[in-house]
1. For region A:158-194 and region B:28-98, what is the separation of their Cα centres, given in Å?
2. Return one number: the angle in degrees, 0 to 90 and rounded to the nearest 10, between the long axis of the Cα atoms of helix B:203-218 and the longest principal axis of the Cα atoms of chain B.
3. Taking each residue of B:22-28 in turn, how many C-beta atoms of other protein chains fall within 10 Å of its C-beta, and what is the average?
4. Sticking with the crude label model, points 7 Å out along Cα→Cβ, report the distance from residue A:146 to residue B:146 in nm, one decimal please.
5. Name the most mobile residue of B:216, B:27, B:80, meaning the one with the largest mean-square fluctuation, in a Gaussian network model of chain B with Cα contacts below 10 Å.
6. Once the convex hull of the alpha carbons of region A:25-86 is built, what does its volume come to per residue, in cubic angstrom?
7. Quote the FRET efficiency, to the nearest 0.05, computed for residue A:226 versus residue A:45 with a Förster distance R0 of 56 Å and r equal to the Cβ-Cβ distance.
8. Could you order the peptides B:283-294, B:110-121 from most to least packed, using the average number of other C-beta atoms within 10 Å per residue?
DNA sequence: ATCGGCGATTGAAAGGTTTCAATTGGCGAT
DNA sequence: ATCGCCAATTGAAACCTTTCAATCGCCGAT
């Protein structure tokens, strides 16, 4: 079969294989494989020749066959809590960026806080034999994660700490975040703080609240009220704010700390529509510092979480574990940062 | 090898194969495969028995091997313009939802408007032999798309029309969107309209502008000014709004039509900070109707694009083409819809 | 009792890559 | 001139599933 015949075959549908390349280049398939995977093992002349043939024939490596032989997919799976919250897409972007450097694809799924959807994605990733998994667990998945690891899929937990020392994790110090928030509000003269978020069962909520409470406890004359919500979206913020507006004037807070920026935006809307001046009457402080915080009508102060960094660090941990499964399990805790804008009087 | 020995082997890392299942169940591998793929061909007794063994052994199908044999990956690739814009994640969610029903994974990449990143993803998808591709093209990719199709990967263009009749596409009628917008603004008494967005090279921009212009042309006494921007984010909106504020009072527009909601949010912010009252002094109308539009401090009126529907329809076209490659190429055009909120006086 | 037919099951081939033990060829050292 | 070594290359096996032609076993019909 001549080169042009093979090229024609390619055009007609069946794709060009290493075998085709080998015969067109007059070398063995082993050599073609070496050109692709260990170019340093091949003599310069052969290397260049085979590469040219590859180009001429338009050969594209069949990843399924590679996977089959290698026993594992180069892809990484990621299950994210909610793609509609920019916080998570920003984390995912950090992951994607880092994986791109290693030419590894990302298969991204969103659980939408639903344990069943989460489980479906885990099934999928298991069938795909992904080499690694990034997850912010929703349901009871520890046994599944263990099984995955036994089968050779490394796991890193994102935006959570596992408690157990079984899997590496990357999270942000939420107690510190709560402290930063309350310190800022109290430090700018606010006295009656409110924290809107929930549900209380979430570790993050507990920690942020605890951090804020510790500050209030240290400052006589200040108070903190907790308004619990079922979700953490703009609607929850609106409702929370309305419940606060319904309070008698002297009990009404002069500062609202929202559990995330979506909630904060909802709060801002409710206050604006009610004619409450921000930040003059009430300060608003968000959490995450998504792009929309800076773009709000009244730019939102926020506690910035290093989102992209979280994705990058998690990816680094994962890739390290994939390269050397014996690598040490690590729990990395990143620090949040206060960003002051107009909504708290910046 | 007994069942328990095999189970133990599984625990030690090597994963359980159809062969293991077959020998444990005392049937041939062909029968196991039939149980998985054509259960109706297998006698009820055998079916149930093999299924139980599969469960006991924790067998998980190796998708790479399946792909290799089938010649194509069940996964669908999608290249989206910008994951940071909720518009695109909403479209992707529609896609993901529909694919989930068919147990097909989605490999999602974001080009960030960068032709090189787009090309990298196309390489990846080609190696993966994905069975279908959804794309909003950035660079000159028509030849690549043709090659993909020759190799058996179906392609559907999303949020664009191709012009050529080669690939199916799903888009929204932007001229109509522009008309709806201008009609609403003119109909509520606005006279001096401005359109902020760009670059003008984008088909969408041209069409929305053309739609708005046609309405203004039909209404004597009204005018439309085009403020071109390089990007379509909140920053662009801020700058565009500031340039309008710098105009002499009598030339200043009384309504701003933004090319998307991100731009509109930027406009809202600039006007709010400048003390301009919305909607009293200036009305703002966005485009897309992302969730954040409804959550803005002054809820934004917007031209809603059926985002999830776009994703679903595109997926349906793609799956139809995958099942029958001879199926007709179709260009589907969806209709946008006006959503009136406070920012235009709703 | 035999045969045809049919549903159920089998078993081997195929798919494309990687790996690795084996082979080749060439060169320097003796 | 010969040997040994090393770099370069080879070629077959292995990865796991699906497919399909071939076979088996059974039942009803003759």
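Taken together, the values in this text are just the output of simple stated rules run on the coordinates, not laboratory data. All of these numbers come straight from a predicted model, not from anything done at the bench. As a convention, Cβ positions derive from the backbone with ideal geometry for all residues, glycine included, and neighbour counts pool all protein chains shown.
1. First find each Cα centre; the distance between them is then 41 Å.
2. The angle comes out near 40 degrees.
3. Numbers: counts 0, 0, 0, 0, 0, 0, 0.
Average per residue, whole number: 0.
4. About 5.7 nm, to one decimal.
5. Maximum fluctuation in the GNM of chain B, among the listed residues, is at B:27.
6. Values: hull volume 9.4 nm³, N = 62.
Each residue corresponds to 152 Å³ of Cα convex hull volume.
7. Details: r = 74 Å, r/R0 = 1.31.
With a Förster radius of 56 Å, E is 0.15.
8. Working: B:283-294: 25.8, B:110-121: 17.6.
Answer by packing, highest mean first, reads B:283-294, B:110-121.
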